[in-house]
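Student: Please read through the structure below; I'll follow up with questions.
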Amino acid sequence: MPSKNLVQRIAVATIAIPAVLGIVWLGGWVLAATLALLGVLGAHEIYDLGRRQGFEPLERTGWVAAAAIPLLAYWAKGSETRFAEPALYLGAVWLMLALTIAMARRGPAGRPLTSVSVTLFGCLYASGMLAFLIAIRHASAASLRPTPYVLLTLFPLVITWICDTAAMAVGSGVGGAKLAPVLSPKKTQSGAIGGTFAGVIAALALGKFVLNRQGWGGWSFSDGQLLLFGLAVSIVGQVGDIAESLLKREAGLKDSSNLIPGHGGVLDRLDSLYFVIPTAAGLYRIFGVI
């Protein structure tokens, strides 16, 4: 008989997977608003981790920034000139505001440097990293021909899911030396190798038979590019997973929250993607796709 945790995981996945597909397909403000919500929830969890260690982040100030980053990224996506300057000015204004609030509410004894640092890290990590999804989904001509860019957006997500699943299966079946025994005691080196291998195979297969479909995106990924993409996404995804574990272990927690039944918190579900999405966007940029 399946465990309650497994049933919860399957139930959440049954709802989440179609929701992700629909949101990526719609794109636009729907995608930006979803990323803003996830950014706020993720930042909230990071601030909770900080409070458990005696830090006092500027929570509402961080929430505003976490919500604003994806929304502003989508608003400004149409012009790189329009994107760069307002982002710099707004970032400077937000930082001045955060320091002013810390000065007024914290004082020297309130550890203002730590307070502002945790606040800034929370919104950049939980929201800024996800906002690169907008750069992929709404690349050149994406609004006119959405299908290729929807596939381009889903490509690194699917590779990550396949890598995670294969790593879990191989790690459980083969066992062996631990990958990061202090931070993530269940992960094994065999699982990491198996997950990376599965991610590379998925990238080669999906790239060849889906992304390179004639006439869809105006691009043709070489085998070398697909190999590099699969390897990079699989490796950084696993690093991102362990990096999030580092934050939880410092706070003495197993899960970042209990928001999602059977899955933990937003940080627990998106840990790999915080590293994967910027990496994918950067590789697409190098390949001349976005």
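The values are calculated or read from the model by the stated rules, or taken from the named source; none is laboratory data. Not measured: the values here are computed from a predicted model. Counting neighbours? That spans all protein chains shown, and the Cβs are built from the backbone with ideal geometry, glycine included. Surface areas here come from the heavy atoms of the whole protein model, side chains and all, with no ligands, DNA or RNA. Shrake-Rupley method; radii C 1.70, N 1.55, O 1.52, S 1.80 Å.
Student: Taking S234 as the residue in question, decide whether it is polar (S, T, N, Q), touching a Cys at 6+ places or on another chain (Cβ under 7 Å) and open to solvent by less than 60 Å² (accessible area, probe 1.4 Å). Quick ask: steps written out before the conclusion?
Tutor: Details: polar (S, T, N, Q): yes; touching a Cys at 6+ places or on another chain (Cβ under 7 Å): yes; open to solvent by less than 60 Å² (accessible area, probe 1.4 Å): yes.
Yes.
Student: Further question: Restricted to the range 44-78, and to residues that are in a helix (DSSP H, G or I) and in contact with a Phe, Trp or Tyr (Cβ under 6 Å, 6 or more places away or on another chain), which residue is least open to solvent (accessible area, probe 1.4 Å)? If you could, list the steps in order and put the result at the bottom.
Tutor: So in the range 44-78, the residues in a helix (DSSP H, G or I) come out as 44-52, 59-75.
Filter once more, so that each one left must be in contact with a Phe, Trp or Tyr (Cβ under 6 Å, 6 or more places away or on another chain): 59, 65.
Working: E59: 40, A65: 13 Å².
The selected residue is A65.
Student: Which one is modelled with the lowest pLDDT, of the residues in the range 79-127 that are exposed (fewer than 11 other Cβ atoms within 10 Å of the Cβ) and not in a helix (DSSP H, G or I)?
Tutor: This residue is S79.
Student: Select from the range 99-133 the residues that are in contact with a Lys or Arg (Cβ under 6 Å, 6 or more places away or on another chain) and in contact (Cβ under 8 Å) with a residue 60 or more places away in the chain and list them in ascending order. Show your work before the answer.
Tutor: Restricting attention to the range 99-133, the residues satisfying the condition of being in contact with a Lys or Arg (Cβ under 6 Å, 6 or more places away or on another chain) are 112, 115.
Scanning the range 99-133 gives a single hit, S115.
Student: Given (1) within 18 Å of L206 (Cβ to Cβ); (2) open to solvent by 30 Å² or more (accessible area, probe 1.4 Å); (3) of a type in the set (A, V, I, L, M, F, W, C); (4) assigned to a helix (DSSP H, G or I), identify the lone condition not met by I290.
Tutor: So I290 meets the others, but not (4).
Student: Filter the range 239-258 for residues that are polar (S, T, N, Q) and either open to solvent by 30 Å² or more (accessible area, probe 1.4 Å) or more than 16 Å from G191 (Cβ to Cβ) (or both) and give the result. Break it down stepwise before answering.
Tutor: To start, the set of residues in the range 239-258 that are polar (S, T, N, Q) comprises 245, 256-258.
S256, S257, N258 - these are the residues of the range 239-258 that are polar (S, T, N, Q) and either open to solvent by 30 Å² or more (accessible area, probe 1.4 Å) or more than 16 Å from G191 (Cβ to Cβ) (or both).
Student: Take the residues in the range 152-201 that are under 18 Å from L246 (Cα atoms) and free of Cβ contacts under 8 Å to residues at least 40 places away in the same chain, then tell me which one is most open to solvent (accessible area, probe 1.4 Å).
Tutor: K186
Student: Tell me which residues, restricted to the range 270-290, are within 14 Å of A139 (Cβ to Cβ) and small (G, A, S).
Tutor: To start, the set of residues in the range 270-290 that are within 14 Å of A139 (Cβ to Cβ) comprises 277, 280-290.
A280, A281, G282, G288 - these are the residues of the range 270-290 that are within 14 Å of A139 (Cβ to Cβ) and small (G, A, S).
Student: Now for a different question. Within the range 260-283, how many residues are farther than 21 Å from V150 by Cα and surrounded by fewer than 17 Cβ atoms within 10 Å (Cβ to Cβ)?
Tutor: 2
Student: Within the range 128-151, count every residue that is buried (at least 20 other Cβ atoms within 10 Å of the Cβ) and of a type in the set (K, R).
Tutor: 1
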